[in-house]
Structure formats: C-alpha cells, structure tokens
Amino acid sequence: MSQSMFPKLAEDYAKFKRYVKWLYTLYELNTQIAICEPWEKVFLNVLLGSFVSLILYASFAFVPGYCVTVFQLLWPQTSVQNLTSVCTTSTVGFCANESGSVMT
C-alpha cells in the first residue's frame, strides 16, 4: 500500500509544478513581462512585490482602525472599546503618556 503512494505523490507534485509554471507563464503574458530582458523581469517583479506588500501592510495596519472609527461614527451610543488608541486622557485633555512638546 505504501509503495503505491510514492508514485502517486510524485505524479501529484509534477502536476502541481506544471500548474505553477503555467500560472507564471500566464502572469508573464498578461503583464507583458515576457518580452522584457531578464534584468527587467527581476526589476518589475521586485517592484510589483513591493507594491503588493505595501498594500497588504497598509490594509492590515490602518483599515481596522478606520472600520472602528466608522462604526463609532455610525452608532455612537454603542459602547465600543477604542482599539486604535492606548491613550489615557489626563485632566488637561492631552494623553498622559505623550512625550514631546505640544504647540499651543
């Protein structure tokens, strides 16, 4: 039973490899990178990867805070904990844990 599993696993791996190569070829043809020189391909792939990673980082870093703010604006009576700020307000109205000068 176990001997027949390894050829099946190797066949599945080969199919997966062909599928990934097909997807990459499709990506190259759709973005017109296939006509570029190898150094241009590397540059454009790094540029695209940078854009995608920055968009993903921004969406994970900022979108949840915006969603909480919109939720608080739409339903102000609801007691929602402010997840965007760890500020404990002092009597003056400024954050008690702020460092640095405040312009008046």
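Give me the net charge of ALA14's neighbourhood, meaning all other residues with Cβ under 14 Å from the Cβ of ALA14; Lys, Arg count +1, Asp, Glu -1.
+3
Karplus couplings for region 17-26 from phi (6.51 cos²θ - 1.76 cosθ + 1.60, θ = phi - 60°), rounded to Hz, Gly and Pro as x?
4, 5, 5, 5, 4, 5, 5, 5, 4, 4
Short version: ³J(HN,Hα) in whole Hz for each residue of region 60-73, in order, from phi by Karplus 6.51 cos²θ - 1.76 cosθ + 1.60 (θ = phi - 60°), x for Gly and Pro, what are they?
6, 7, 10, 4, x, x, 5, 5, 5, 5, 5, 4, 5, 6
What accessible surface, in Å², does a 1.4 Å probe find on PHE43, ignoring ligands, DNA and RNA and rounding to the nearest 10?
Approximately 120 Å² of PHE43 is accessible to the 1.4 Å probe.
The values are calculated or read from the model by the stated rules, or taken from the named source; none is laboratory data. Keep in mind it's a predicted model, so treat the numbers as computed, not measured. Every residue, glycine among them, receives a Cβ derived from its backbone with ideal geometry; neighbour counts consider all protein chains shown. The area values use the complete protein model at the heavy-atom level, side chains included, leaving out ligands, DNA and RNA. Shrake-Rupley method; radii C 1.70, N 1.55, O 1.52, S 1.80 Å.
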